[in-house]
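Following: one structure in structure tokens, then a few remarks.
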Amino acid sequence: MKIKIFLAFILTLASNAVIADDYVVEVHGLVCSFCAQGVIKNVSKLPFIDQSRFTKGVKVEIEDQKVTISVKSGERPDIDGLFEAIRSGGYEPIEVWVVQSDGELTKVER
Amino acid sequence: MRRLLAAALFLCTSSHAHQPVMDMAPRWANGYGIQIRYEWYGSNDLKRGRDDIANLQGLERFVNTTWLEGVYTFDRSVRLTAKIPFVHQRRVVDENGLPVKQSASGLGDIVIGLPLKRYSNRRGMTQNWSFTPSLRVPTGTSSGDFPISDGSWDAGLSLGFSRETPKFYQLYGLYYWKEGSGKRRMQTGDSFGLDVNLGIHPWHSNETNSGIFLMWDLSASHSDAPNQQNLTTAAGADRVYTGPIFVAYRQNLMFRAEFKFLAYERVDNIALSRGNQFSLSVGATF
């Protein structure tokens, strides 16, 4: 019984160890998190979003006007769809970067 | 379900200088919000012009209103708002030299607004100009000795500007209400005014999407005198209110408390002061 529990624990750790890719979007006008719910609502519905992280896969940082999204492992985000979701949420997406494994940001060309 | 809620909001609307929930939200397409707001004002201070005078008969007037407010956002530039008031009011009036108690309760006049906004989003700030035509529908009773409504259809217009950064918030609004002719030959006077809100956003958490706003409100208004047949709470006056506003939010829920201190008042002839004003509201956006 103890061995089964141990194996289940190891499997759980292994599944959580699959880290999704993060992308960061600069969004102009994003200065109020209460007002940014539309961004979270729209972006979280996109099929490539990993909703298990952040708030339904989306993190809003108003000091830097950044939206960080968690993308399902192995999937490529639809940047046009992402930008449209942010615009529909009331704001202006400007640029997007992918977060590399060393934490460095690399700009995604559209 | 969302369509049903949106339809319900369409059916029950009214607006003023301020938006339901907040000026800020919902700004997303197909977003909607509801808010319950309790408002209280009244006094037993009798005035002649700007001066307090002796109130030997104990005249008074107190009004409690619970507003059910809704907003639907088609996209960030077009919203539809509705405010439904439930009024409980009481007063003591002078009738032939004797103080007489009167009271009334019930549905007030529903206000419907169509805020049209032009947003500008830039690095570190967002701002918008808004133009809001409004209609006040005479749904309140105009019967009895202390009617809740004068029974008229009224038209309003407001022009607003707000600007927000992560730390500061400011809103300026001008409004004008043109009053129609009511029932029982009642005619409330037209009114216009200015609202200014200046505030800070001293704390928020990105992790929990929660925070607070602290603001200061300044409101100045002028109301033309009603006609002789008017039986409602309306009175011709110039007033300036000022006071603090506290707003707390978490996720899609918002709480707002507002105290308006009557800093200046001049009434036409002899009339009861409107007194200080206090309101509490709880809202949610979806």
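Of all the listed residues (B:R118, B:R76, B:R91), the sole one being in contact with a strand residue (DSSP E or B) (Cβ under 6 Å, 6 or more places away or on another chain), within 30 Å of A:G89 (Cα to Cα) and modelled with pLDDT of 95 or more is B:R118. Taking the range B:103-137 as the range and being touching a Phe, Trp or Tyr at 6+ places or on another chain (Cβ under 8 Å) and over 20 Å from B:E39 (Cβ atoms) as the test, the residues that pass are B:P115, B:L116, B:K117, B:R118, B:N121, B:T126, B:Q127, B:N128, B:W129, B:S130, B:L135. Sub-8 Å Cβ pairs linking a first residue in the range B:68-97 that is more than 14 Å from every other protein chain (Cβ to nearest Cβ) to a second residue that is basic (K, R) and surrounded by fewer than 17 Cβ atoms within 10 Å (Cβ to Cβ), at least 6 apart or interchain, are B:R90/B:K101; B:R91/B:K101; B:V92/B:K101, ordered by first then second residue. Can you find a residue that is more than 14 Å from chain A (Cβ to nearest Cβ), of a type in the set (G, A, S), surrounded by fewer than 20 Cβ atoms within 10 Å (Cβ to Cβ) and touching a residue at least 60 places away in the same chain (Cβ under 8 Å) anywhere in the range B:276-286? Yes, the range B:276-286 contains a residue that is more than 14 Å from chain A (Cβ to nearest Cβ), of a type in the set (G, A, S), surrounded by fewer than 20 Cβ atoms within 10 Å (Cβ to Cβ) and touching a residue at least 60 places away in the same chain (Cβ under 8 Å). The residue of the range B:100-119 that is nearest to B:E179 (Cα to Cα), among those that are open to solvent by less than 30 Å² (accessible area, probe 1.4 Å) and within 14 Å of chain A (Cβ to nearest Cβ), is B:P115.
The one condition from (1) over 22 Å from B:Y119 (Cβ atoms); (2) surrounded by fewer than 17 Cβ atoms within 10 Å (Cβ to Cβ); (3) of a type in the set (D, E) that B:E60 does not meet is (2).
Has the range B:220-232 got at least one residue that is of a type outside the set (F, W, Y), part of a loop (DSSP other than H, G, I, E, B), under 19 Å from the mean Cα position of the chain (by Cα) and under 21 Å from B:F278 (Cα atoms)?
The initial filter retains those residues of the range B:220-232 that are of a type outside the set (F, W, Y), namely B:220-232.
Checking the rest, the ones that are also part of a loop (DSSP other than H, G, I, E, B) come to B:224-232.
Restricting the remaining residues to those that are under 19 Å from the mean Cα position of the chain (by Cα) gives B:224, B:232.
Retained after the next criterion (residues that are under 21 Å from B:F278 (Cα atoms)): B:232.
Yes, because at least one residue in the range B:220-232 is of a type outside the set (F, W, Y), part of a loop (DSSP other than H, G, I, E, B), under 19 Å from the mean Cα position of the chain (by Cα) and under 21 Å from B:F278 (Cα atoms).
The values are calculated or read from the model by the stated rules, or taken from the named source; none is laboratory data. As the structure is a computational prediction, the values presented were derived from the model and not from experiment. Please note: Cβ atoms are built from the backbone with ideal geometry, for glycine as well, and neighbour counts cover all protein chains shown. All accessible areas refer to the heavy atoms of the entire protein, side chains included, with ligands and DNA or RNA removed. Shrake-Rupley method; radii C 1.70, N 1.55, O 1.52, S 1.80 Å.
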